[in-house]
1. Among the candidates TYR193, TYR171, TYR182, single out the residue that is without any contact (Cβ under 8 Å) to a residue 24 or more places away in the chain, out of contact with any Asp or Glu (no Cβ under 7 Å at 6 or more places or on another chain) and either buried (at least 24 other Cβ atoms within 10 Å of the Cβ) or not β-branched (Val, Ile, Thr) (or both).
2. Here's a check for you: in segment 1-30, which residue that is modelled with pLDDT under 95 and within 13 Å of GLN128 (Cβ to Cβ) is surrounded by the fewest Cβ atoms within 10 Å (Cβ to Cβ)?
3. In segment 50-60, is there at least one residue being among the aromatic types (Phe, Trp, Tyr) and either free of Cβ contacts under 8 Å to residues at least 24 places away in the same chain or under 26 Å from GLU366 (Cβ atoms) (or both)?
4. May I ask you to list the residues in segment 158-168 that are part of a helix (DSSP H, G or I) and either of a type in the set (Val, Ile, Thr) or surrounded by fewer than 24 Cβ atoms within 10 Å (Cβ to Cβ) (or both)?
5. Can you work out which of the residues in segment 382-399 that are free of Cβ contacts under 8 Å to residues at least 60 places away in the same chain and under 30 Å from THR434 (Cα atoms) is nearest to the chain's Cα centre (by Cα)?
6. Report yes if some residue within segment 421-436 is within 23 Å of the chain's Cα centre (by Cα), under 18 Å from GLY299 (Cβ atoms), modelled with pLDDT of 95 or more and among the hydrophobic types (A, V, I, L, M, F, W, C); otherwise report no.
7. Identify the single condition in (1) touching a strand residue (DSSP E or B) at 6+ places or on another chain (Cβ under 8 Å); (2) surrounded by fewer than 20 Cβ atoms within 10 Å (Cβ to Cβ); (3) not aliphatic (A, V, I, L, M) that TYR48 does not satisfy, given that it satisfies every other one.
Amino acid sequence: MSLAQLKNKYSLFAVICMSIFFIIIVVLQKKWSHEQVIIWDTVYYYAYLPATFIEHDYRMRFVDKDLKNYEEKMRYWTTKLPNGNRITKTTMGVAYFYFPFFIIAHFLAQIFDYVPDGFSMPYHLCVQLSGLFFGILGLIFLRKFLLRFFDDFIVALTLLGIGVGTNIYYYATHEPSMSHIYSFCAISIFLYYYYNWINKPEIRTSIICGILAGIICLIRPINFVLVAPLFFIGINSKESFQEKLNFYWTNRIYFLLIIVGGIIAVLPQLLLWKSVTGNFIYYSYNEETFFFSNPYILGGLIGFRKGWFIYTPIMAIAMFGFYYVYKEMRDYFFVVIFIFFIYSYIAFSWWCWWYGGSFSSRPMVEFTPLMAIPLAYLIKNIFSNYKLTYKVSFVLLFNICIALNIFQTWQKSKAILHFDSMNWEAYKGIFLKTEFPANYDQLLQTPDYENALKGQPERIIKN
């Protein structure tokens with residue numbers, strides 16, 4: 001390969017390097033060997049597969065036979081309905097991604113004499129590999145999407161910022177079974193195919209876009225507000241609005257295929273709900289809900305408990321890129337800014353706005369692919385329009401953000417960065433520390449889950 005050809009491969013090299021890094025981290029952790037992958041929220045996402053394909057009872061009535069044992073071992077966490085059926089809390093979107101790896105795990109369990117019950121070591125291994133695989137796949141498609149607008153070097157830096165400078169890294173390696181890395185992957189793929197569809201509507205891309213949009217919403221229903229507005233990209237004036245309507249009307253057959261694809265993706269969930277609950281639509285979160293009159297947007301973005309900009313500072317820097325997006329890609333600007341505000345409002349109106357034992361603000365992982373464009377524009381303009389001093393300063397800051405993210409991810413994995421009780425004092429106490437401070441327990445502030453669940457003001461609970 002010539003030097004000229006190598007110059008066009010920076011972004012590919014970046015993806016390869018990050019993939020190798022992710023694989024090394026996963027191998028070093030070996031969470032599957034301790035059966036520490038299918039735990040906590042993953043129990044909800046995963047339950048569809050062993051219940052349907054191993055227990056042959058998607059209504060999960062079998063859980064009643066050994067309820068206490070199942071719940072204590074974190075195998076099935078379900079709600080019993082008046083009709084005797086049981087249902088898991090989350091929708092089945094994540095299970096779509098687990099499924100091919102689940103099949104492999106079931107085969108391996110039988111070949112290597114593990115218990116083929118859906119929860120022995122091979123299943124933990126394959127679920128962990130699924131998150132790793134789809135995290136890397138998301139980066140690959142985000143690269144393909146970005147190369148439509150930026151040169152290869154800018155794309156490479158942007159991917160590094162996204163891949164190892166945000167909590168994408170954490171959810172691809174440390175908690176790959178959570179829903180967020182699958183949303184990241186699906187949204188990245190959707191962006192690539194949707195822009196292809198805008199330029200050349202076809203049957204294939206129409207169906208792919210529809211199925212992806214449906215799956216994205218099925219992973220987490222709140223993702224609807226991430227996907228639906230994207231169909232309005234291109235509108236920045238009254239005239240462009242009319243042009244967009246004309247475009248959709250002219251290509252109405254293809255747009256209809258997108259809708260059909262979306263229905264195909266969500267239909268299994270609707271049919272399961274109908275069979276299990278008697279209704280096509282069912283709210284399975286019981287008393288957990290949103291409090292739209294009391295959102296914690298500032299806490300979710302800049303609070304020290306989980307603030308996205310605090311624990312993922314490169315995204316705070318990327319926000320400045322919207323200035324250039326407004327100047328150079330205005331149709332994208334208006335839609336994504338709208339998504340940011342409405343999505344943040346909804347996400348941080350959830351009763352548990354800090355989202356339990358997460359790293360940084362985990363619902364913002366879903367928004368991260370949309371931040372690739374402003375980050376890329378910022379990098380592009382810094383390198384094109386500013387003096388060397390500014391370029392060097394930016395590169396230094398960029399690398400500090402990446403290093404800090406990797407280090408704080410390590411702190412989280414060692415419980416030095418507490419999973420839900422951080423505040424300013426605790427953050428100061430552990431900043432750049434590799435050991436627990438002497439008064440660590442006294443620095444923490446335990447969240448008031450009881451009041452939060454009722455939508456009431458949080459009481460200060462010091463440890």
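1. Answer to the selection: TYR193.
2. LYS30
3. The answer is no; no qualifying residue exists.
4. THR158, LEU160, ILE162, VAL164, ILE168
5. Filtering segment 382-399 for residues that are free of Cβ contacts under 8 Å to residues at least 60 places away in the same chain and under 30 Å from THR434 (Cα atoms), the one nearest to the chain's Cα centre (by Cα) comes out as ASN399.
6. yes
7. (2)
A quick yes/no check of all residues on (1) surrounded by 13 or more Cβ atoms within 10 Å (Cβ to Cβ); (2) without any contact (Cβ under 8 Å) to a residue 24 or more places away in the chain; (3) part of a helix (DSSP H, G or I):
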residue	(1), (2), (3)
LYS380	yes, no, yes
CYS401	yes, no, yes
GLN411	yes, yes, yes
ASP420	yes, no, no
LYS428	no, yes, yes
PRO437	yes, yes, no
PRO447	yes, no, no
ASN451	yes, yes, yes
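The values are calculated or read from the model by the stated rules, or taken from the named source; none is laboratory data. What you see is a predicted model, and the numbers here were worked out from it, not measured in a lab. Note that each Cβ is placed from the backbone with ideal geometry, even for glycine, and that neighbours are counted across all protein chains shown.
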